[in-house]
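The values are calculated or read from the model by the stated rules, or taken from the named source; none is laboratory data. Predicted model, so just to flag it, every value in this text is computed and none were measured. We place every Cβ from the backbone using ideal geometry, glycine too, and count neighbours over all the protein chains shown.
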Amino acid sequence: MRLPGLLLSATMACALALPARAQTPGHPDEALFRAIYRELVEINTTESSGDTLVAAKAMGQRFLDAGFPAADVQVLSSGPRKGNLVARLRGAGAKKPMLLMAHMDVVEAKREDWAFAPFTLQETDGFFRARGAIDDKAMAAIFVATLIRLRAEGATPERDIILALTTDEELADSPHDGARWLLENHRALIDAEFALNEGGGGTMREGKPVSSNIQLAEKVYRSFQMVVKDPGGHSAQPRRDNAITKLAEGLVRLADFDFPARLNPVTEAWLKIVTRLEAPDIKAAYAALAAGDNRPEVIAPLSKRANYNAQIRTTCVATMLEAGHAENALAQTARATINCRLLPDENPAVVEETLKKVMADDKIAVIPLGTVVDSPASPLSPQVIAAVEEIAGDLWPGIPVIPTQSGGYTDSRWLRKYGVPAYGVSGIFSEEGKSGVHGLNEQVGVKQLFDGKTFLYRLVKRLSGAERPG
Ligand SMILES: [Zn+2]
């Protein structure tokens, strides 16, 4: 249900009188946010049967209803059922704009797999549940509500605040990827000094916040196919050098191989904090690596732990296998898919050469798949980090803000590739492994969502220079 315009401006006027901190449920701004969040979540935006253009238009209408000039609200379609929205809150122009980015498309969700209808927002036991409840419609709805609120409050930021809601983030190689498409075709519309995006957030254990994360880097996604071709033959007269055995031997060599370990400023800062509570052997391994010693035996305690290993080196692992055409025949083709996650500054050509050396067999072809998106780490911007630390410190006292490098990717890879430093930060806390993001029964705590909303409102206000004195 949409709020009538008049009521909207009346409630927003009330918001003026309240300090930013008082963003608890019941705040006058809550009803509008809830309505935006519900509307966005309940529009199916999956690739198979959804439509991000419908979502872009619905969010665009929210801005028009709130009095934004039509010229500052643009719905841009990059293909059928593919929509992006760019909205702009004008500032004084004293600084280059800042960009808020969130994607509207969501991962598939089948009704029969879920405990409830995935595109109907549920609010039970202190949780919102639906596909997209977090990823990424939480931030998308918060950004829409934040811009509308700032305008209603008569905020005069020093710089323009641009919001880009995008499509196709969840699809690995989509030509319609909204972030990429906007950067390549409408750069002026979204050009900014820096961007805030998904990828951060807070970690809780047993209901208690333990860390607030700011994502500054992402590993780079790259897959390869290893292919062995062979004339094949009758399986009653097998040859040892058949396609399947050759490929299997190569894969075993790959499993035993480690790319060299090294740190960048983001992983160094991250490990320094997270290893504080670890056993002495892990602390010692970190200290050695930070001092430049990456000998395998010295850093073994880090390499043995999957979470640390993924941060300190490029990794490649076999994820799919396919071979043979008949039970009673030697395979003519054997194929494996290898998924690599490269350190942000790794050279993809070097990785390909390394894989060929590891395979150590001319008969195993190494074929790169898809495109590589070079995505350097964002600088540790004092402006952004100080604002995040101060506001997070106020909302969650004593909880450390930790710089992170993600194993997966977000649209920040496109921003970073095209020279817009991106910071993944949301202030939305969730229990480790229990959010259902990309999985079943996705959920976010109602309190945690509203806390994130308060956090992002204050952060946007601070970074845009819209904060009024006092
Ligand atoms: Zn996402």
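Residues that are touching a residue at least 40 places away in the same chain (Cβ under 8 Å) and of a type in the set (A, V, I, L, M): find the strands (runs of 3 or more DSSP E) completely inside the stretch 344-463 holding 3 or more of those.
Filter on the stretch 344-463 gives 364-369.
With the requirement that a residue be assigned to a helix (DSSP H, G or I) and buried (at least 18 other Cβ atoms within 10 Å of the Cβ), what does the stretch 40-64 give you?
Within the stretch 40-64, LEU40, VAL41, THR52, LEU53, ALA55, ALA56, ALA58, MET59, GLY60, ARG62, PHE63 qualify.
State all residues of the stretch 423-439 that are among the hydrophobic types (A, V, I, L, M, F, W, C) and within 13 Å of the ligand (Cβ to nearest atom); if no residue qualifies, say none.
The answer is ILE428, VAL437.
Every residue in the stretch 79-107 that is within 18 Å of THR46 (Cα to Cα), buried (at least 22 other Cβ atoms within 10 Å of the Cβ) and either of a type outside the set (Lys, Arg) or at pLDDT below 95 (or both), please.
GLY83, ASN84, LEU85, ALA102, HIS103, MET104, ASP105, VAL106
Go through the residues of the stretch 252-265 one by one and say whether even a single one is without any contact (Cβ under 8 Å) to a residue 40 or more places away in the chain and more than 30 Å from ARG88 (Cβ to Cβ).
yes
Within the stretch 226-241, can one find any residue that is modelled with pLDDT of 95 or more, of a type in the set (A, V, I, L, M) and assigned to a helix (DSSP H, G or I)?
no
Report, by residue number, each residue of the stretch 170-213 that is farther than 16 Å from LEU99 by Cα and β-branched (Val, Ile, Thr).
Selection gives THR203, VAL210.
Given the conditions (1) within 16 Å of the ligand (Cβ to nearest atom); (2) buried (at least 17 other Cβ atoms within 10 Å of the Cβ), report the number of the one that GLY407 does not fulfil.
It is condition (2) that GLY407 fails.
With touching a strand residue (DSSP E or B) at 6+ places or on another chain (Cβ under 6 Å) and modelled with pLDDT of 95 or more as the only criterion, which of LEU302, LEU343, LEU355, LEU289 stands out?
LEU355
For (1) closer than 17 Å to GLY132 by Cα; (2) touching a strand residue (DSSP E or B) at 6+ places or on another chain (Cβ under 8 Å), each residue gets a yes or a no:
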| residue | (1), (2) |
| --- | --- |
| ILE364 | no, yes |
| ASP394 | no, no |
| THR410 | yes, yes |
| ARG413 | no, yes |
| ASP451 | no, yes |
| LEU459 | no, yes |
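Look at MET101 and say whether it is under 19 Å from the mean Cα position of the chain (by Cα) and assigned to a helix (DSSP H, G or I).
no
Please indicate, with yes or no, whether at least one residue in the stretch 134-148 is away from the ligand (no atom under 16 Å from the Cβ) and over 29 Å from LYS434 (Cα atoms).
Checked against the condition, which is being away from the ligand (no atom under 16 Å from the Cβ) and over 29 Å from LYS434 (Cα atoms), the stretch 134-148 yields at least one hit.
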